[in-house]
Structures are given as structure tokens and as C-alpha cells.
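Q: Let me begin by handing over the structure; questions about it come next.
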Amino acid sequence: MNMFKIILVFVVGITVPRVLWGNDACVTFIGPSNYIPRLELPPGIPLHSADSCKDCHQEIYDQWRESMHSKSSTSPVFQACWTVRNNPPFCSNCHFPMLEQKPKILRGFKETGPLPFVAIKNRDFDTMLIKEGVTCVVCHLRNKTLYGPREIKEGEAPHSGKYDPSFQKSEFCYTCHSWGFPRARIKKTCYTSDEYIKSGKKETCQDCHMLRKEGFASLGRPKCVYGMHDQKSSRNPDELRNALKVELKMEKDAYKIGDKVKGEIRVTNTGAGHRVPTG
Ligand code: HEC
Ligand code: HEC
Ligand code: HEC
Ligand code: HEC
Ligand code: HEC
């Protein structure tokens with residue numbers, strides 16, 4: 001399906017498409033002012049850290065470690081963008097959304113000024129937990145219960161576990177993957193959900209980004225097919241190859257050293273469920 005076409009004409013070298021993330025993003029964004037309030041742990045789970053899950057969900061833990069979800073607070077690109085504006089607390093609402101992960105809590109906004117927010121120190125701040133970014137309990141823990149995509153029979157898990165059908169719906173991902181900068185010209189700056197809906201794709205975000213794997217999702221349980229947590233997407237050459245068709249048309253058939261290179265690259269989005277790049 002030729003949904004979106006990007007045509008790049010280049011003269012000596014390639015014009016890199018404009019990336020949304022610049023310092024402007026840090027200046028103008030006033031995000032959702034919500035974070036995940038204190039999460040009580042179910043019996044048998046000692047800490048909010050992914051270390052609590054590691055021993056029993058080793059495969060999933062290892063995958064998550066590779067994902068950007070586990071690096072969403074430590075990524076140097078994020079850190080650079082965040083610190084340049086004195087660490088606005090609202091960035092954390094998606095990048096490390098639990099109360100215990102926030103160094104400061106947002107108290108309100110000023111009308112103007114270089115730092116248009118007011119923040120106070122958070123007494124519950126956990127200096128280790130912030131490093132885990134979008135960690136396991138961010139997605140799985142509510143009401144002292146670990147929720148997941150399947151019915152778990154009593155006694156099958158050593159912790160309370162409840163089935164929640166939303167884990168297999170695209171809407172699950174919308175909260176953090178769709179938003180805009182209110183003061184910017186383009187209101188819906190990063191709106192993967194709208195792009196996805198427009199694409200008319202039948203697959204869910206999870207179908208494409210949590211690829212099925214046969215393995216051991218949980219310790220002591222039989223081998224099963226489950227959704228991987230590494231979200232590799234463009235970092236997986238196979239996934240990228242399936243998503244994009246690249247055609248190259250050059251002005252001449254052959255070039256000598258020192259020649260000016262002129263040509264046309266046509267990149268067609270054939271497989272992604274949204275624009276490329278998205279987010
Ligand atoms: C609590 C917020 C949150 C939720 C829920 C969430 N994400 Fe993310 N996701 C993020 C953040 C923040 C990043 C960016 C991390 C970074 O690059 O610093 C990210 C990164 C990603 C990336 C990788 C981007 C890259 O550049 O490699 C993919 C793919 C992704 N998420 C898919 C999903 C899918 C699919 C779901 C639903 C199952 C989902 N996310 C749910 C916050 C979230
Ligand atoms: C961004 C949100 C997110 C994060 C972070 C996350 N998960 Fe998940 N998890 C999901 C979703 C969505 C599914 C359902 C995937 C599917 O089946 O399509 C899932 C499924 C699971 C399952 C069920 C597997 C099965 O089918 O039996 C387990 C167990 C699990 N996750 C454990 C973990 C652990 C442990 C971590 C941290 C190391 C973690 N998750 C981090 C969203 C998340
Ligand atoms: C002592 C071992 C153990 C620990 C620790 C543990 N789990 Fe589990 N978990 C299991 C087992 C066993 C199952 C049942 C799997 C099954 O029946 O397929 C399970 C099931 C799950 C499910 C699936 C629930 C569903 O309804 O789909 C999720 C999600 C989950 N665990 C997340 C976590 C998270 C997050 C942590 C860390 C905070 C964690 N678990 C810690 C052993 C453990
Ligand atoms: C039909 C499959 C498909 C569906 C459905 C889909 N995606 Fe993607 N997505 C891809 C592919 C392939 C890429 C890699 C190409 C790229 O970088 O855009 C990608 C890239 C991404 C990225 C950028 C990560 C990166 O590595 O650059 C994010 C974030 C993302 N998707 C989130 C989502 C969310 C959220 C949804 C659901 C609203 C979704 N995707 C639905 C296939 C899909
Ligand atoms: C509503 C959720 C949300 C909020 C709030 C948010 N982000 Fe993000 N951010 C994301 C998601 C989701 C991605 C991943 C998108 C992708 O890779 O396509 C991301 C990616 C990024 C990236 C590029 C990824 C990397 O680490 O390489 C940077 C930098 C970034 N965000 C900075 C910020 C800053 C600074 C703020 C506050 C001004 C902020 N974000 C607020 C959801 C959010």
C-alpha cells in the first residue's frame with residue numbers, strides 16, 4: 001500500500017529528513033500533568049524494580065532490557081533534551097511515570113519566563129528506580145495486582161494475576177505514544193495513534209511491536225507463545241526491510257571520483273502501521 005511517499009533529491013550526499021526532536025520540543029511542551037501515583041505491591045513482590053520480576057520472567061526481562069522502554073530515562077538523547085531546560089517534571093509522565101521515579105513534582109505553570117513551571121522536591125524519589133524508565137510495573141501493576149494478557153488459574157502464579165483484555169489492544173499504547181505541544185504550530189506533534197487509525201491496518205501495535213515468540217514467559221510454566229518485549233522495530237533490519245521499499249534512480253549510469261552525484265531516492269512506506277519515522 002503506497003500510503004506515504006517521501007522523495008529525497010540529493011546533490012552530493014543525502015538530505016536527512018527533518019527530525020521532530022529539537023530544543024524547541026523541550027521549550028514548548030506542556031504535557032499531561034498526570035503521573036502514576038504510589039503503587040502498592042502485591043504480597044511476594046519486594047520492590048517496584050524489574051529486579052523483582054527478573055528471576056521468574058528472565059526471557060521477558062532480557063528483552064525489556066534491550067528495549068527503549070528500559071532506557072527512556074537514561075538515553076543520552078533524552079537526558080540532553082531534558083536537562084537543557086532544567087528537567088521539566090512533565091517529561092517524566094511518559095519517560096519514567098511513577099511517583100517514586102520523579103525527582104520533582106509539578107505544582108503548576110507560570111504564564112511566561114524561561115522556565116514556565118513550578119516544581120517541588122519529591123520526598124518519595126527513588127534514585128535507582130528512575131533509571132528503569134518505563135519499567136514492568138508501570139504497565140502491569142494496579143490495585144496491588146499484576147494484570148496481564150491471559151486468564152491465569154488460581155495458584156498458577158505466585159503473585160496475584162488478573163486478565164485484562166486491554167493488553168492486546170492498540171489503545172494500550174496510545175497514552176504515551178500520542179501527544180502534542182500545546183504552544184506549537186502543529187498541535188498533534190507526535191500522534192502515532194492518529195497515523196495508525198488512518199493507515200487502516202488490521203494488526204494491532206502489539207502484533208507488529210511485540211512479535212510472537214515460543215519460549216518461557218514465566219518460570220516453572222510450560223513453553224508457550226508470548227509477545228516479546230524488545231520493541232526493536234527500526235533497530236531490527238528485517239522489520240525495517242519489510243516496512244520500507246527503497247528505489248534509487250541516478251542521473252547517469254557511472255561516475256568518476258570528484259563527480260557531482262545527482263539522483264532520486266524514492267522511499268515508500270509499505271509495512272509500518274503509521275508514518276515513517278513516527279513518534
Ligand atoms: C508509560 C508510557 C509508555 C507506554 C504505555 C508505552 N510506551 Fe513505548 N515508549 C515510551 C517512551 C517514553 C519511549 C521512548 C524511549 C526513548 O527512546 O527514550 C518508548 C519507545 C517505544 C518504541 C521504540 C522507539 C525507538 O525509537 O526505538 C516502540 C517501538 C514502542 N515504544 C512501542 C510501544 C508499544 C507497542 C506499546 C504498547 C504495547 C508502548 N510502546 C507502550 C513510553 C511508553
Ligand atoms: C510498555 C508496557 C510494558 C512493559 C514496560 C512491560 N510489559 Fe509485559 N506485557 C505488556 C503487554 C502489552 C503484554 C501483552 C503482549 C501480547 O500478548 O500481545 C505483556 C505481557 C507480559 C506477560 C505475559 C506473557 C504471556 O503471554 O504469558 C508477562 C509475564 C509480562 N508481560 C511480564 C513483564 C515483565 C517481567 C516486564 C519487565 C521486565 C514487563 N512485562 C514490561 C506490556 C508491558
Ligand atoms: C516467584 C516467581 C515470580 C515473580 C517474582 C514474578 N512472577 Fe509474574 N508470574 C509468575 C508465574 C509462574 C506466572 C504464571 C504464568 C502462567 O500461568 O503462564 C506469572 C504471571 C505473570 C503475568 C501474566 C498475568 C496474566 O494475567 O497474563 C504477568 C503480567 C506477570 N507475571 C508480571 C510480573 C511482574 C511485572 C513481576 C515483577 C514485579 C513478576 N511477575 C514477578 C512468576 C513470578
Ligand atoms: C503493520 C505493522 C505496524 C503496526 C500496526 C504499528 N507499527 Fe510501529 N512500526 C512498524 C515498523 C515496521 C516500524 C519501523 C519503521 C520505522 O522506524 O518507522 C515501526 C516503528 C515504530 C516506532 C518508531 C521506532 C523506531 O524504531 O523508529 C514507534 C514508536 C512505533 N512504531 C509505535 C507504534 C504504535 C504505538 C503503534 C500502534 C498505535 C504501532 N507502532 C503500530 C510497524 C508497525
Ligand atoms: C505523552 C508521553 C511523553 C511525554 C510527556 C514526553 N515524551 Fe519524549 N517520547 C515519548 C515517546 C513515546 C517517545 C518515542 C517515540 C519514538 O521513538 O518514535 C519519546 C521520545 C523522546 C526522545 C527521543 C528518544 C531518545 O531517547 O532517543 C526525546 C529526546 C524525548 N522524548 C524527550 C522528551 C522531553 C524533553 C520531554 C519533556 C519536554 C518529553 N520527551 C515528554 C513520549 C513522551
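Q: Could you please let me know if R221 is modelled with pLDDT of 85 or more and not aromatic (F, W, Y)?
A: So R221 passes the test.
Q: Which pairs turn up if I take residues in the stretch 192-217 that are touching a residue at least 24 places away in the same chain (Cβ under 8 Å) and look for partners that are within 16 Å of ligand 3 (Cβ to nearest atom) and of a type in the set (D, E, K, R) with beta carbon separation below 7 Å, at least 6 apart in sequence or on another chain?
A: T204/K169; G215/E59; G215/K223; F216/E59; F216/K223; A217/E59
Q: A further question follows. Working only within the stretch 54-75, note down all residues that are touching a Leu at 6+ places or on another chain (Cβ under 9 Å) and either assigned to a helix (DSSP H, G or I) or of a type in the set (A, V, I, L, M, F, W, C) (or both). If you could, list the steps in order and put the result at the bottom.
A: First pass over the stretch 54-75, keeping only residues touching a Leu at 6+ places or on another chain (Cβ under 9 Å): 55-58.
Result: C56, Q58.
Q: So, I197, is that one away from ligand 2 (no atom under 16 Å from the Cβ), surrounded by 13 or more Cβ atoms within 10 Å (Cβ to Cβ) and modelled with pLDDT of 80 or more or not?
A: yes
Q: What pairs can you find where one residue is in the stretch 246-275 and more than 30 Å from K198 (Cα to Cα) and in a loop (DSSP other than H, G, I, E, B), the other is more than 16 Å from ligand 3 (Cβ to nearest atom) and aromatic (F, W, Y), and their Cβ atoms are less than 7 Å apart, with a gap of 6+ or different chains?
A: The qualifying pairs are V261/Y255.
Q: Hey, among P42, P37, P32, P46, which residue is more than 25 Å from Q231 (Cα to Cα), modelled with pLDDT under 95 and surrounded by 11 or more Cβ atoms within 10 Å (Cβ to Cβ)?
A: P42
Q: Looking at the stretch 64-75, which of its residues are within 8 Å of ligand 2 (Cβ to nearest atom) and over 16 Å from H177 (Cβ atoms)?
A: The answer is W64, R65, S70.
Q: Give the stretch 211-228 a look and list any residue that's crowded, with 16+ Cβ neighbours inside 10 Å and in a strand (DSSP E or B), or say none.
A: K213, Y226, G227
Q: Being modelled with pLDDT under 85 and touching a Lys or Arg at 6+ places or on another chain (Cβ under 9 Å), is that true of even one residue in the stretch 125-137?
A: First, the residues of the stretch 125-137 that are modelled with pLDDT under 85: none.
Looking through the stretch 125-137, none of the residues is modelled with pLDDT under 85 and touching a Lys or Arg at 6+ places or on another chain (Cβ under 9 Å).
Q: Could you run through the stretch 162-193 and say how many residues are in a loop (DSSP other than H, G, I, E, B), modelled with pLDDT of 80 or more and small (G, A, S)?
A: 1
The values are calculated or read from the model by the stated rules, or taken from the named source; none is laboratory data. Computed from a predicted model, the values in this text were never measured in an experiment. Reconstructed Cβ throughout: ideal geometry from the backbone, glycine too, with neighbour counts over all protein chains shown.
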